[in-house]
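S.K.: I have a structure here, written as structure tokens, and I will follow up with some questions on it.
What follows is calculated from the coordinates using simple rules that are stated; it is not laboratory data. In this text, all values refer to a predicted model and were calculated from it rather than measured experimentally. Cβ atoms come from the backbone with ideal geometry, glycine included; neighbour counts cover every protein chain shown.
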Amino acid sequence: MLFLNQFVINFTGLKEGEHSFEFNLDNKFFEHFDYNDFNSCRLNAEVKVNKKSSLLEFTFISKGIININCHVSNEPFDYSIENKMKLVVKFSSELINDNEELLILPVGASQLNAAQYLFEMIILSLPIKIIHPGVEDGSLESKTLNKLKEIESNVKEQNSKNDPRWDKLKDLI
């Protein structure tokens, strides 16, 4: 947990206006959230804080390269990622969590740990199915893809054959 303390942003001593904080994220960061899907990653994250008299506006920005396995061929490749997320922080004695872009902190709160927000922004921005660019353009050669193509051709071949049980129904038309 001490590792995640480096992502704590102390906003009580900040003057009104915009402030910027930069972080470098790697596999060690994601391991603290028990997320091990990346082979490696090199991400630069920036948290911009716009302090106003009654609220704080956070802008989380990340950009970098994630080495991840393709969901089709299981071949590792570098996936370029770029994200941006906004969060407004207000202070109130009532804690209301009905909006994902609005965070209500208790009056007197002095800091916010940005680690959870950075993690969620990056993970939720990944597509459901990550496909190697070589699979999409047909330039990747692998045993897995060859086997998938073979199975696909067998299925198409079986679907093209007519079932004699249905041929009698065609005569009715």
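S.K.: Hey, can you tell me all the residues within the stretch 20-45 that are exposed (fewer than 15 other Cβ atoms within 10 Å of the Cβ), out of contact with any Gly (no Cβ under 7 Å at 6 or more places or on another chain) and without any contact (Cβ under 8 Å) to a residue 60 or more places away in the chain?
M.R.: Those that are exposed (fewer than 15 other Cβ atoms within 10 Å of the Cβ), out of contact with any Gly (no Cβ under 7 Å at 6 or more places or on another chain) and without any contact (Cβ under 8 Å) to a residue 60 or more places away in the chain: S20, E22, N24, D26, K28, E31, D34, N36, D37, N39, S40.
S.K.: I'm trying to understand the selection: among the residues of the stretch 1-19, which are surrounded by 11 or more Cβ atoms within 10 Å (Cβ to Cβ) and either part of a loop (DSSP other than H, G, I, E, B) or touching a strand residue (DSSP E or B) at 6+ places or on another chain (Cβ under 9 Å) (or both)?
M.R.: Taking the stretch 1-19 as the starting set, the residues that turn out to be surrounded by 11 or more Cβ atoms within 10 Å (Cβ to Cβ) are 3-4, 6-9, 11, 14, 18-19.
Within the stretch 1-19, L4, Q6, F7, V8, I9, F11, L14, E18, H19 qualify.
S.K.: Given the conditions (1) farther than 17 Å from I9 by Cα; (2) in contact (Cβ under 8 Å) with a residue 24 or more places away in the chain; (3) over 20 Å from the mean Cα position of the chain (by Cα), report the number of the one that L112 does not fulfil.
M.R.: So the condition that L112 fails would be (1).
S.K.: If you scan the stretch 108-142, which residues turn out to be exposed (fewer than 10 other Cβ atoms within 10 Å of the Cβ) and of a type in the set (A, V, I, L, M, F, W, C)?
M.R.: L124, I128
S.K.: Ok, one more. Condition first: in contact with an Asp or Glu (Cβ under 7 Å, 6 or more places away or on another chain) and free of Cβ contacts under 8 Å to residues at least 40 places away in the same chain. Now tell me which residues in the stretch 46-68 satisfy that.
M.R.: Correct list: E46, K48, N50, K52, S53, I61, K63, I65, N67.
S.K.: Output the residues belonging to the stretch 143-173 that are small (G, A, S) and either surrounded by 10 or more Cβ atoms within 10 Å (Cβ to Cβ) or under 30 Å from P76 (Cβ atoms) (or both).
M.R.: The one that is small (G, A, S) and either surrounded by 10 or more Cβ atoms within 10 Å (Cβ to Cβ) or under 30 Å from P76 (Cβ atoms) (or both): S153.
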